[in-house]
Protein chains: 2
Amino acid sequence: MPSVASRPVGVFDSGLGGLTVVRQLRRMLPEEEIHYLGDLAHLPYGTKSAGEIRRRSFGCARYLMRQGIKALVIACNSASSVAYESLRRNLPIPVLNVIIPAVEEAVAVTRNYRIGVIATYATIESRSYAKMLERRCPEASYFMKPCPLFVPLAEEGWLECPIASGTARNYLLPLKKKRIDTLILGCTHYPLLQKVIADVMGAGVRLVDSAIPTAQRLKALLKGKGIYYPESRRAPIRIHVTDYVRNFTRIGEAFLGEELKNVRLVKVP
Amino acid sequence: MPSVASRPVGVFDSGLGGLTVVRQLRRMLPEEEIHYLGDLAHLPYGTKSAGEIRRRSFGCARYLMRQGIKALVIACNSASSVAYESLRRNLPIPVLNVIIPAVEEAVAVTRNYRIGVIATYATIESRSYAKMLERRCPEASYFMKPCPLFVPLAEEGWLECPIASGTARNYLLPLKKKRIDTLILGCTHYPLLQKVIADVMGAGVRLVDSAIPTAQRLKALLKGKGIYYPESRRAPIRIHVTDYVRNFTRIGEAFLGEELKNVRLVKVP
């Protein structure tokens, strides 16, 4: 077995939200061992300066490189926006973010070229989705909507109750009126609320959970380079965190969709 | 007119929440000029270390001292918990926090000695209310409940809708079952949700908005020292902020209950 193929894939995020990306990697690339780094001691990245986000992202990437990873997935929207280009140029391994696959998927599936993006205030104000959409598909119309209640709803586990659906209606009916046919879930917490989001938007609107095109792209990339793990298995997963947060296990397991095991508290300077 | 009496009162918080305290000061001490400092560049304090909260609090206090204040109100639960004692010992002017007046009011009005406290996770985990209640009234029973959705609801301005009342029911019905007769609103954002909170708790439960006993205590203190502003007037108010946040004006005016004027962006090292 070639040694590179047997190495793990690294994934990092400022919090636990990136575990929704790991969940799709586990579903679509079950043979690949994952090392997840949650930089919980420094969350959220969204309110930090670009320089500080870049410094933290390089710290995370260096830590995961020392674990011997063969590819890196930036599962954090703020780091994807600010640190992707320099990580991609400076690391000797393939680097993916969650924004480009989501934008390319949205552009591929839209029929009426009216695309919505829901995300945190910080992500929308960074204009990372807007800039990428304009670059990839300048002829489309884009509609952005911050949904600040969605993160605490996901963390409380209030996913399908009347409060979640009422909140979804408040945020999404104005987007629906814009007659979008594609909606990017631009925050790693939002896939947990997919059901109430879909109920409001209706069957005519395609939801893009960035984790899925990101996993597809990683799979194609590893296969293309001949470094996909060559045997059938259910690979292990390792979780590294720089701090614990309240309700760590409950939230982490809800996001990951499986039991949280092999969790290590680590220092990332 | 004695010069000390004509000086302003200083109030600080890490964010805009402390403006709900200023609102009660304006209502109950309309003659007193207020200088409010919102350390928005460093919010929230709740997730910072005690040492860092103390450093920020001293920075805020020094800044307000340079504005010539005659008394200081710490309108931030985290700073009230961590920095109050050392500010009180080190400043040459009277210092109040929002925790002690709320606890004393709750202990004064409870009849069945069953007291609830709702606050952010950070405030509840700091045990600042628990410790103060145990000190002032060890024979009472206390019930703490974090209500993380209340802050974004208040900031979105979703105050009396079904989402707000559903959220209040989810959080508060377990507290109501404990048969408390007094509930401390242990977060400066929560008074905005007072109506839905009162609807769930019912007429038999007294809500303690810490801003009101804090204003009463400040008034008594200034009168007692003979430094209350001696003439009838509607005093001016000055807002100093270390940064702007999204929806600054909308949120600030909702919390303050009047137009936001005289806002200055300042540096507080």
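Counting just the residues of segment A:27-80 that are of a type in the set (Lys, Arg) and at pLDDT 90 or above, which one comes out surrounded by the fewest Cβ atoms within 10 Å (Cβ to Cβ)?
For segment A:27-80, the residue satisfying everything is A:Arg66.
Conditions: (1) under 20 Å from A:Val103 (Cα atoms); (2) surrounded by fewer than 19 Cβ atoms within 10 Å (Cβ to Cβ); (3) not hydroxyl-bearing (Ser, Thr, Tyr). A:Ile118 meets all but one. Number of the miss?
Unmet for A:Ile118, out of (1) under 20 Å from A:Val103 (Cα atoms); (2) surrounded by fewer than 19 Cβ atoms within 10 Å (Cβ to Cβ); (3) not hydroxyl-bearing (Ser, Thr, Tyr): (2).
Looking at (1) of a type outside the set (Gly, Ala, Ser); (2) within 14 Å of chain B (Cβ to nearest Cβ); (3) in contact (Cβ under 8 Å) with a residue 60 or more places away in the chain, can you tell me which one A:Pro94 breaks?
Of (1) of a type outside the set (Gly, Ala, Ser); (2) within 14 Å of chain B (Cβ to nearest Cβ); (3) in contact (Cβ under 8 Å) with a residue 60 or more places away in the chain, only one is false for A:Pro94: (2).
What do you reckon, is B:Ser49 of a type in the set (Ser, Thr, Tyr), closer than 23 Å to B:Arg234 by Cα and without any contact (Cβ under 8 Å) to a residue 24 or more places away in the chain?
On the way: of a type in the set (Ser, Thr, Tyr): yes; closer than 23 Å to B:Arg234 by Cα: no; without any contact (Cβ under 8 Å) to a residue 24 or more places away in the chain: yes.
Here the answer is no, as B:Ser49 does not meet what is asked.
Picking from A:Lys223, A:Lys219, A:Lys195, A:Lys178, which residue would you name as being surrounded by fewer than 21 Cβ atoms within 10 Å (Cβ to Cβ), more than 14 Å from chain B (Cβ to nearest Cβ), under 23 Å from B:Asn247 (Cβ atoms) and modelled with pLDDT of 95 or more?
Details: A:Lys223 fails: under 23 Å from B:Asn247 (Cβ atoms); A:Lys219 fails: under 23 Å from B:Asn247 (Cβ atoms); A:Lys195 fails: under 23 Å from B:Asn247 (Cβ atoms).
Step by step, each of A:Lys223, A:Lys219, A:Lys195, A:Lys178 is checked, and only A:Lys178 is surrounded by fewer than 21 Cβ atoms within 10 Å (Cβ to Cβ), more than 14 Å from chain B (Cβ to nearest Cβ), under 23 Å from B:Asn247 (Cβ atoms) and modelled with pLDDT of 95 or more.
From A:Val208, A:Val263, A:Val245, grab the single residue that is more than 21 Å from A:Leu96 (Cα to Cα) and touching a strand residue (DSSP E or B) at 6+ places or on another chain (Cβ under 6 Å). Full working, then the answer.
Numbers: A:Val208 fails: more than 21 Å from A:Leu96 (Cα to Cα); A:Val245 fails: touching a strand residue (DSSP E or B) at 6+ places or on another chain (Cβ under 6 Å).
Of A:Val208, A:Val263, A:Val245, the one residue that is more than 21 Å from A:Leu96 (Cα to Cα) and touching a strand residue (DSSP E or B) at 6+ places or on another chain (Cβ under 6 Å) is A:Val263.
On the given criteria, is A:Leu153 closer than 24 Å to A:Val73 by Cβ and crowded, with 24+ Cβ neighbours inside 10 Å? Walk me through it before giving the result.
Values: closer than 24 Å to A:Val73 by Cβ: no; crowded, with 24+ Cβ neighbours inside 10 Å: yes.
Taking the combined requirement at face value, the residue does not satisfy it.
Quick test of your reading of the structure: A:Leu40 fulfils all but one of (1) under 23 Å from A:Pro213 (Cβ atoms); (2) in contact with a strand residue (DSSP E or B) (Cβ under 8 Å, 6 or more places away or on another chain); (3) not polar (S, T, N, Q). Name the failing condition by number.
(1)
Within segment A:157-166, does at least one residue satisfy the condition of being among the polar types (S, T, N, Q), away from chain B (no Cβ under 14 Å) and at negative phi?
Within segment A:157-166 (the criterion being among the polar types (S, T, N, Q), away from chain B (no Cβ under 14 Å) and at negative phi), the answer is no, since none of the residues qualifies.
What tally of residues in segment A:240-251 results from selecting those that are crowded, with 20+ Cβ neighbours inside 10 Å and out of contact with any helix residue (DSSP H, G or I) (no Cβ under 6 Å at 6 or more places or on another chain)?
From segment A:240-251, those crowded, with 20+ Cβ neighbours inside 10 Å are A:240-242, A:251; that's our starting set.
The next check asks that each one be out of contact with any helix residue (DSSP H, G or I) (no Cβ under 6 Å at 6 or more places or on another chain); those that pass are A:240.
Summing the residues that are crowded, with 20+ Cβ neighbours inside 10 Å and out of contact with any helix residue (DSSP H, G or I) (no Cβ under 6 Å at 6 or more places or on another chain) in segment A:240-251 gives 1.
Out of segment A:97-124, which residues are of a type outside the set (S, T, N, Q) and either outside any helix (DSSP H, G or I) or within 14 Å of chain B (Cβ to nearest Cβ) (or both)?
Hits for segment A:97-124 are A:Val98, A:Arg111, A:Tyr113, A:Arg114, A:Ile115, A:Gly116, A:Val117, A:Ile118, A:Ala119, A:Tyr121, A:Ala122, A:Ile124.
Here is a check on your reading of the model: is A:Arg217 touching a residue at least 60 places away in the same chain (Cβ under 8 Å), on the phi < 0 side of the Ramachandran plot and under 15 Å from the mean Cα position of the chain (by Cα)? Give the steps one after another, and end with the answer.
Details: touching a residue at least 60 places away in the same chain (Cβ under 8 Å): yes; on the phi < 0 side of the Ramachandran plot: yes; under 15 Å from the mean Cα position of the chain (by Cα): yes.
Against the criterion (touching a residue at least 60 places away in the same chain (Cβ under 8 Å), on the phi < 0 side of the Ramachandran plot and under 15 Å from the mean Cα position of the chain (by Cα)), A:Arg217 qualifies.
I need every pair where a residue in segment B:122-143 that is farther than 21 Å from B:Met201 by Cα has its Cβ under 8 Å from the Cβ of a residue that is surrounded by 15 or more Cβ atoms within 10 Å (Cβ to Cβ) and of a type in the set (Asp, Glu), sequence separation at least 6 or different chains.
B:Arg136/B:Glu104
Mind checking which pairs have a first residue in segment B:170-186 that is outside the structural domain of B:Val151 (by TED's automatic domain parsing) and more than 13 Å from B:Glu105 (Cα to Cα) and a second that is surrounded by 17 or more Cβ atoms within 10 Å (Cβ to Cβ) and at pLDDT 95 or above, Cβ under 9 Å, 6 or more apart or different chains?
none
The values are calculated or read from the model by the stated rules, or taken from the named source; none is laboratory data. Model, not experiment: these values are computed from the prediction. Virtual Cβ from ideal backbone geometry, glycine too; neighbours counted across all protein chains shown.
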